[in-house]
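Data block below; observations after.
The values are calculated or read from the model by the stated rules, or taken from the named source; none is laboratory data. In this text the structure is predicted, and so the values were computed from the model without any measurement. Methodologically, a virtual Cβ is constructed for each residue, glycine included, from the backbone with ideal geometry; neighbour enumeration extends over all protein chains shown.
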Amino acid sequence: MKRLKIFLLTLIFISCKKEIEKVIIPDYIVWCVLKSSKKFEEQIVFVDRLYSPDEVPSQGVSGCSVKIKFGGKEYLFKEKIVSDIDSNEYLVYYDTFYVPSGIDCTLKIKFPDSRELIKVTKVPTDFDIIYPIYDTIYVPSNNLLIWNKSEGAKFYVIYLENTKDSFFTFFSPDTFFDLFRRGSAFRSEGIYEVYVRAENEDLYYWNLNRSDRIEEEWVKGVFGAYVERRKSFYIKK
Amino acid sequence: MILFKILIAFSSISGRVIDKKTSESLPFVFVYIKDLNKGTLTDERGFYVISKLKEGKYLLCFKIVGYEEKCLEVELREGENKILNVELNQIEIEIEKIIIYSRKKEFEEERASAVKRETEILKRLPKFIEGDLLRTVSTLPGVVQVTDLSGRFSVRGGSPQENLTLIDEIPLYNPYHLGGIFSVFDLSALSRYEFYRGAYGAQFGNALSSLLYAEIKPYNSEKINLELALSFLSFRLLNEGKLFKGNYLVFLRRTYFDKYISLINRDFEFPYHFFDILSSYQIEKSPSLRFKFSYITSRDLFYQKKDEILLKWGNDGFSFRTFYIHRKNFHEINLFFSSFFSYFKIGEFISLWNPVSIAGLKWKGEFKGSFDKTFGFEYENLNGKFQNDIFGIKQLDKGNPHILSFFSELNFKVNNLRINPGLRTNYFYLRIKETPERNAKSFRIEPRINLKYFLRENLAIKFAFGVFNQYLMAINFSEVFDPFYYWVTIFDGYRPMNSKHYITGISYLPDWGKIDFEIFYKKYDYILDYEIKNYDPLNPDKTLFLKGQGESYGFDSFIEKTFGKLNFNLSLTVLKSHGKFEKENKYHSMRWDKTFNFSLSLFYKLIFNLDLGLNFLYTTGSPFTDVIKRYRFFYNPYPDRYPKVIWDEIESYPYSVRFPPYHRLDISLSRDFKIKKIKGFYSLSIINVYNRKNVFLYYYDYDKEPPVKRELYQIPFVPSFEIKIIF
């Protein structure tokens, strides 16, 4: 009986042994997604640290030197507080300039503790929405939304907005999408605007599973870019 | 030539022994030749063979506790194989003596890790809302239920997808209703089940961990039997009787929660209901030729009109079985078909469609002699599709593989050692016209062995080993919420999943019950796990599953008392289950790893014909992946506006922390009643008597600052009532 007890206790001890593995926890999070359209756009960079799950967060990390460089030009970003659609306030670094398509851009951040991050991303090339050509479209229909291929684009994201009542997101790895077949996306008749974004590889993997393509272990995040084209049409049901 | 002549010269007698009153097969009948030291026992189908007899006159006797002994004079000619079917008359005797006798005989034949149960006693135990077979199985040793909200169970640390479920030989892959709370196995329609928690025989395959085999109950009476049962969730109807020259059984169940909710509140439509149909028809052309046709269907429908959410899943299946005794051999031919599907749709934004069907033919021949031999083959043709469209990301996996298996088993005894070796070979072939690069081929050999050494008549040590492969893989987005799995067959790039079982233990059969102890080691050389975070729609074939390896080990034991006023079943399992997948450098606990598992099921006859049932479960908390840090990032769909803040989490090493221990006590009181010609049964069950708050999951509410850690609990205190009326 005593032996059996010892055996059981040993087995239980072995079974309960905890496997503690170290998970890499970076010090900073960086989010910068460049937007390339046919005009000047405000570009923003967000720098923050990580928090414990029950910790009150700050608005972001201030005091960083943030620069973006391409085509021999360098833009030094300034700080400001902005708020999102849900009135969450946070600190961003911003500047307004035109980002050409098909170029390499470099992000340089010098953090308050003097560590430096340098990351390069490639902006995909230009493209255009080539179908539908009509201003009025009946749904549901088998008509496709078609656009040209953008070199350097890993994935296309399609946003459909009706300012009255809806906003939907769809995805396509190809240069077409069966948008008008999906009657549920068009709840009412009216003007809709579609945005097609050609996202580069860095942005694609970040959006897919927060896959980190930054080599430094102390920083996590994304420096990506997309090219955006828009088209409006009137939907009839 | 000489050998041939000797074989020809011998004669044999074979046949089937049945109960004269009920026509049911009688197992473990001692069949012997008087004045000659020769005899045998009937098997589970009542079948016997005595071979190597010379020509002459013999007195053949049939003896079993509870029946009149019968002796018949038989005359055999040289080389004759005589078929002699016998009916025995029951005599008044205590039922317990019969059970003790048949249990002893069963003990002699029983494989390692096997549990066989009649369903009658299970109906008296507390019901988790309704009596359910899969819930009952989760109280057995080595078995751990996933959550209260799921009928799925893990066997000896394996994933629930590794369990093969057969009902009258029809394979069922999605036998769950409503988040897994119910299964399609209602106890009313079943007679018995066999459960192998490891190292099951070579006649079965395509499952890494366990085999659950249930039978739709046979019915042999001339009378029509009609049972109607009502609980607060569903009604059940069971009808049995004689039709033409055979017997039929039909079981129907439908939930009516949706109906009476809309009666109470006309503006509210409860979006869910399910129904099941189980049926069988049996015909006995002669005592040596029998047919059984079984049919099963189940449908679940969840439809919420407002958000256009549709969730539909179900099973359809049939088996047509022929049991034939030819000379001294028993043959079973099974033609079966099983189809299961799931469909999930939200508007035109998300749709997932997964129909899978299996059509098969199985032949099994049992050749009795100085040692029993079983040979057979099984051919399965699978046809599966997994098609989805998630916000435009489309995926289509389809395949039509063929699996051809041959199996053989021997069963013989050398002195005190029963030896049961087996071998199964599988050839898997998948050809896809459109995408030949996805074609797959595989040839696998699966040796199995089961040894039992009897120290005494009622005390045996045992050893078992087996190799198992699995050709279907499950995709599940959430093990706790999904009511069903999506199934795909292996394709190029992935191999069949593979496990090896090593089992040793000891069994003791005292007069009052049984004590069993087994130590097991299960090695997973190659397993696949679906992880949504790993999936890349641009590279679906390479990222659909994570390849891994693992092992689980420990012991499970049970003590059961099956006689007297007090019956109980006490089981204890201690196990460790860990694995390692791609991109992981160290072994970690598997999702199913629960170190301690203790369960007690008790049944006590009180006064006034009241029966008390009690279930108590205690398990170590499930492992989970904790949140160690959180961070903000942005989602920027809205043009000309600032991106929306989203919180994401950094998780601990997989399954490195545990929920608090789980425990729950359920009790029930039940009683038979009779009012004039109407008989019946009612029961009151209380689930989670002391309202234990067993944690289901933790989450952080990031809408609050600072975020609040919240808990969701499993089933609270729930009373449940059921009444059954038998006409």
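Of all residues in the stretch B:596-606, one or more are crowded, with 21+ Cβ neighbours inside 10 Å and either within 14 Å of chain A (Cβ to nearest Cβ) or among the charged types (D, E, K, R) (or both). Does A:Tyr138 meet the test of being touching a helix residue (DSSP H, G or I) at 6+ places or on another chain (Cβ under 9 Å) and away from chain B (no Cβ under 14 Å)? Yes; evaluated as a whole, the condition is true for this residue.
Would you confirm whether or not the stretch A:51-71 contains a residue that is at the interface with chain B (Cβ under 8 Å from one of its Cβ atoms) and of a type in the set (Phe, Trp, Tyr)? The answer is yes; a qualifying residue exists.
Just to check your reading of the model, which residue among B:Phe232, B:Phe182 is at pLDDT below 85, more than 30 Å from B:Lys20 (Cα to Cα) and crowded, with 23+ Cβ neighbours inside 10 Å?
Going through B:Phe232, B:Phe182 in turn, just one is at pLDDT below 85, more than 30 Å from B:Lys20 (Cα to Cα) and crowded, with 23+ Cβ neighbours inside 10 Å: B:Phe182.
Taking the listed residues A:Glu42, A:Glu74, the one that is at pLDDT 90 or above, within 11 Å of chain B (Cβ to nearest Cβ) and in a strand (DSSP E or B) is A:Glu42, with no other qualifying.
As a summary of the residue check, A:Ser114 satisfies the conditions (1) within 20 Å of the chain's Cα centre (by Cα); (2) among the polar types (S, T, N, Q); (3) more than 14 Å from every other protein chain (Cβ to nearest Cβ) except for the one numbered (1). Contact map, the stretch B:635-664: residues that are touching a residue at least 12 places away in the same chain (Cβ under 8 Å) paired with residues that are aromatic (Phe, Trp, Tyr) and in a loop (DSSP other than H, G, I, E, B), Cβ distance under 7 Å, separation 6+ or inter-chain. Pairs shown: B:Trp647/B:Tyr702.
Hey, does the stretch B:603-624 have a residue that's among the hydrophobic types (A, V, I, L, M, F, W, C) and out of contact with any strand residue (DSSP E or B) (no Cβ under 9 Å at 6 or more places or on another chain)? Yes: the stretch B:603-624 contains one or more residues that are among the hydrophobic types (A, V, I, L, M, F, W, C) and out of contact with any strand residue (DSSP E or B) (no Cβ under 9 Å at 6 or more places or on another chain).
Answer yes or no as to whether A:Val92 is over 23 Å from A:Phe40 (Cβ atoms), touching a Phe, Trp or Tyr at 6+ places or on another chain (Cβ under 9 Å) and within 14 Å of chain B (Cβ to nearest Cβ). So A:Val92 fails the test.
Which one is farthest from the chain's Cα centre (by Cα), of the residues in the stretch B:660-705 that are within 14 Å of chain A (Cβ to nearest Cβ) and part of a strand (DSSP E or B)? Before the answer, list the steps.
We begin by selecting, within the stretch B:660-705, every residue within 14 Å of chain A (Cβ to nearest Cβ); these are B:661, B:698-705.
From what's left, part of a strand (DSSP E or B): B:698-701.
Numbers: B:Tyr698: 31, B:Tyr699: 33, B:Tyr700: 37, B:Asp701: 39 Å.
Of everything passing the filter in the stretch B:660-705, B:Asp701 is farthest from the chain's Cα centre (by Cα).
Condition (residue is in contact with a His (Cβ under 6 Å, 6 or more places away or on another chain) and either hydrophobic (A, V, I, L, M, F, W, C) or without any contact (Cβ under 8 Å) to a residue 60 or more places away in the chain (or both)) applied to the stretch B:426-444: is it met by at least one residue?
Looking only at the stretch B:426-444, we keep the residues that are in contact with a His (Cβ under 6 Å, 6 or more places away or on another chain), and these are B:429.
Right, trim to either hydrophobic (A, V, I, L, M, F, W, C) or without any contact (Cβ under 8 Å) to a residue 60 or more places away in the chain (or both) and you get B:429.
So far as the stretch B:426-444 goes, yes, one or more of its residues are in contact with a His (Cβ under 6 Å, 6 or more places away or on another chain) and either hydrophobic (A, V, I, L, M, F, W, C) or without any contact (Cβ under 8 Å) to a residue 60 or more places away in the chain (or both).
Being in contact with a helix residue (DSSP H, G or I) (Cβ under 8 Å, 6 or more places away or on another chain), within 21 Å of B:Tyr618 (Cβ to Cβ) and in contact (Cβ under 8 Å) with a residue 24 or more places away in the chain is true of B:Asn567.
Each row is one residue, and each column tells you yes or no for (1) at pLDDT below 95; (2) buried (at least 16 other Cβ atoms within 10 Å of the Cβ); (3) within 18 Å of A:Tyr93 (Cα to Cα); (4) among the acidic types (Asp, Glu).
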position: A:Ser114; (1), (2), (3), (4): yes, no, yes, no
position: A:Asp128; (1), (2), (3), (4): yes, no, no, yes
position: A:Tyr131; (1), (2), (3), (4): yes, no, no, no
position: A:Asp135; (1), (2), (3), (4): yes, no, no, yes
position: A:Val139; (1), (2), (3), (4): yes, yes, no, no
position: A:Leu145; (1), (2), (3), (4): yes, yes, no, no
position: A:Ser150; (1), (2), (3), (4): yes, yes, no, no
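From the list B:Ile333, B:Ile325, which residue is aliphatic (A, V, I, L, M) and either modelled with pLDDT of 90 or more or under 22 Å from the mean Cα position of the chain (by Cα) (or both)? Of the residues listed, the single one that is aliphatic (A, V, I, L, M) and either modelled with pLDDT of 90 or more or under 22 Å from the mean Cα position of the chain (by Cα) (or both) is B:Ile333.
Which number in (1) within 10 Å of chain B (Cβ to nearest Cβ); (2) touching a residue at least 12 places away in the same chain (Cβ under 8 Å) marks the one condition that A:Phe223 misses? Looking at each condition in turn, A:Phe223 falls short on (1). Within the stretch A:220-237, being in contact with a helix residue (DSSP H, G or I) (Cβ under 8 Å, 6 or more places away or on another chain) and either more than 17 Å from A:Cys105 (Cα to Cα) or not β-branched (Val, Ile, Thr) (or both) holds for A:Gly221, A:Phe223, A:Gly224, A:Ala225, A:Tyr226, A:Lys237. Just one of the listed residues (B:Ser622, B:Ser589, B:Ser552) is of a type in the set (Ser, Thr, Tyr), surrounded by 16 or more Cβ atoms within 10 Å (Cβ to Cβ) and away from every other protein chain (no Cβ under 14 Å), and it is B:Ser622. In the set B:Tyr638, B:Tyr642, B:Tyr653, only one residue is at the interface with chain A (Cβ under 8 Å from one of its Cβ atoms), over 30 Å from A:Val92 (Cβ atoms) and not in a strand (DSSP E or B); that residue is B:Tyr653.
A count restricted to the stretch A:46-72 and to residues that are buried (at least 23 other Cβ atoms within 10 Å of the Cβ) and within 30 Å of B:Lys704 (Cα to Cα) stands at 2. Return the residue satisfying two criteria in turn: it lies in the stretch B:565-586 and is hydrophobic (A, V, I, L, M, F, W, C) and more than 11 Å from chain A (Cβ to nearest Cβ), and of such residues it is nearest to the chain's Cα centre (by Cα). Applying the filter and picking the extreme gives B:Leu570. Here is a check on your reading of the model: is B:Glu284 more than 28 Å from B:Leu166 (Cα to Cα) and of a type in the set (Asp, Glu)? No: the conditions fail for B:Glu284.
Exactly one residue out of B:Leu396, B:Leu361, B:Leu423 is exposed (fewer than 15 other Cβ atoms within 10 Å of the Cβ), modelled with pLDDT of 95 or more and not in a loop (DSSP other than H, G, I, E, B), and it is B:Leu361.
For every residue, the table says whether it meets (1) crowded, with 19+ Cβ neighbours inside 10 Å; (2) within 11 Å of chain B (Cβ to nearest Cβ); (3) over 24 Å from A:Leu107 (Cα atoms).
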| site | (1), (2), (3) |
| --- | --- |
| A:Phe168 | yes, yes, yes |
| A:Ser172 | yes, yes, yes |
| A:Phe186 | yes, yes, yes |
| A:Leu203 | yes, yes, no |
| A:Arg213 | no, no, no |
| A:Trp218 | no, no, no |
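The residue that is surrounded by the most Cβ atoms within 10 Å (Cβ to Cβ), among those in the stretch B:188-201 that are assigned to a strand (DSSP E or B) and not hydrophobic (A, V, I, L, M, F, W, C), is B:Tyr196.
Is at least one residue of the stretch B:473-491 modelled with pLDDT of 95 or more, more than 15 Å from B:Leu382 (Cβ to Cβ) and under 21 Å from the mean Cα position of the chain (by Cα)? Spell out how you get there, then give the answer.
Residues of the stretch B:473-491 that are modelled with pLDDT of 95 or more, as a first pass: none.
Taking every residue of the stretch B:473-491 in turn, none turns out to be modelled with pLDDT of 95 or more, more than 15 Å from B:Leu382 (Cβ to Cβ) and under 21 Å from the mean Cα position of the chain (by Cα).
State all residues of the stretch A:135-161 that are free of Cβ contacts under 8 Å to residues at least 40 places away in the same chain, assigned to a strand (DSSP E or B) and more than 19 Å from A:Asp202 (Cα to Cα); if no residue qualifies, say none. Break it down stepwise before answering.
Looking only at the stretch A:135-161, we keep the residues that are free of Cβ contacts under 8 Å to residues at least 40 places away in the same chain, and these are A:142-144, A:146, A:148-149, A:158-161.
After this cut, where a residue has to be assigned to a strand (DSSP E or B) as well, the list is A:146, A:158-161.
Within the stretch A:135-161, A:Ile146, A:Tyr159, A:Leu160, A:Glu161 qualify.
The number of residues in the stretch B:492-529 that are buried (at least 19 other Cβ atoms within 10 Å of the Cβ) and out of contact with any Lys or Arg (no Cβ under 9 Å at 6 or more places or on another chain) comes to 2.
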